[in-house]
1. Once semi-axes √(5λ) of the Cα gyration tensor in Å is worked out from the coordinates, which option in (i) 36, 12, 11; (ii) 43, 16, 13; (iii) 22, 17, 13 does it equal?
2. Using the Cα centre as the reference, give the magnitude of the dipole from point charges on the C-beta atoms of the stretch 3-116 (Lys, Arg: +1; Asp, Glu: -1; all else neutral), rounded to the nearest 20 debye.
3. Using the alpha-carbon atoms, what tilt in degrees (0 to 90, nearest 10) does helix 3-25 show relative to the longest principal axis of the chain?
4. Charges on Cβ only, +1 for Lys and Arg, -1 for Asp and Glu, centred on the Cα centroid of the chain; of Ala42, Pro76, Ala95, which one is farthest towards the dipole's positive end?
5. Along the charge dipole of the stretch 1-68, which of Ala64, Ser32, Thr51 sits closest to the positive end, that is, farthest toward it, with unit charges on the beta carbon of Lys, Arg, Asp and Glu (+1, +1, -1, -1)?
6. Determine the share of the chain's accessible area contributed by carbon and sulfur atoms, expressed in whole percent, with a 1.4 angstrom probe.
7. Going by alpha carbons, how many degrees (0 to 90, nearest 10) lie between the helix axis of 89-111 and the longest principal axis of the chain?
8. Rounded to the nearest 500, what is the chain's calculated 222 nm mean residue ellipticity when only DSSP H runs of at least 4 contribute -39500 (n - 2.57) each, over all residues?
Amino acid sequence: MSATARRRPLLFFAGFLIVSLVVAGLVSSFASPDPDGLDTVARDGCTAVATPDGGERLEGTCIAAHESDHAMASSPLAGYSVVGGEGTTGVAGVAGVLVTVVVAGGVFLLLRRRAG
């Protein structure tokens with residue numbers, strides 16, 4: 001295999017990584033902070049009531065009234081942000097892309113066919 005033929009896949013993957021990082025870092029900052037369709041449907045039939053500690057409690061007969069925090073809710077990248085910080089969606093997206101690339105790359109290296 002020539003040097004040019006070996007370089008082509010590397011250039012493709014480098015370009016793919018750059019585009020993925022740009023999308024994760026820049027475009028994700030334009031994501032809507034409003035609840036998505038699933039959250040909206042889960043809250044149908046309830047009203048949000050403010051609590052003294054500044055939070056909210058749901059009252060009514062909706063599915064979301066029975067929700068609880070996920071076991072990983074206090075993890076560093078929970079809620080599409082870094083340590084719960086406002087405006088860190090892009091950083092969390094970039095971290096997610098990098099972790100995915102590293103894990104997938106490791107799996108592909110372990111499973112690749114060996115020549116000879």
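The values are calculated or read from the model by the stated rules, or taken from the named source; none is laboratory data. Just so it is clear, the structure is predicted and the values come from calculations on it, not from any experiment. Cβ: placed from backbone, ideal geometry, glycine included. Neighbour counts: every protein chain shown. In case anyone asks, the SASA skips ligands and DNA or RNA and just uses the protein heavy atoms, side chains included. Shrake-Rupley method; radii C 1.70, N 1.55, O 1.52, S 1.80 Å.
1. Recomputing semi-axes √(5λ) of the Cα gyration tensor in Å here gives the entry labelled (ii).
2. Values: 8 positive and 10 negative charges, 310 e Å.
Dipole about the Cα centre, nearest 20: 1480 debye.
3. Roughly 10 degrees between the two axes.
4. Projecting each Cα onto the dipole axis, the largest value belongs to Ala95.
5. Result: Ser32.
6. Details: 6350 of 9530 Å².
Of the solvent-accessible surface of the chain, carbon and sulfur hold 67 percent.
7. Tilt relative to the chain: about 50 degrees.
8. On the way: 3 runs with 52 residues, N = 116.
Dividing the helical sum by the residues of the chain leaves -15000 deg cm²/dmol.
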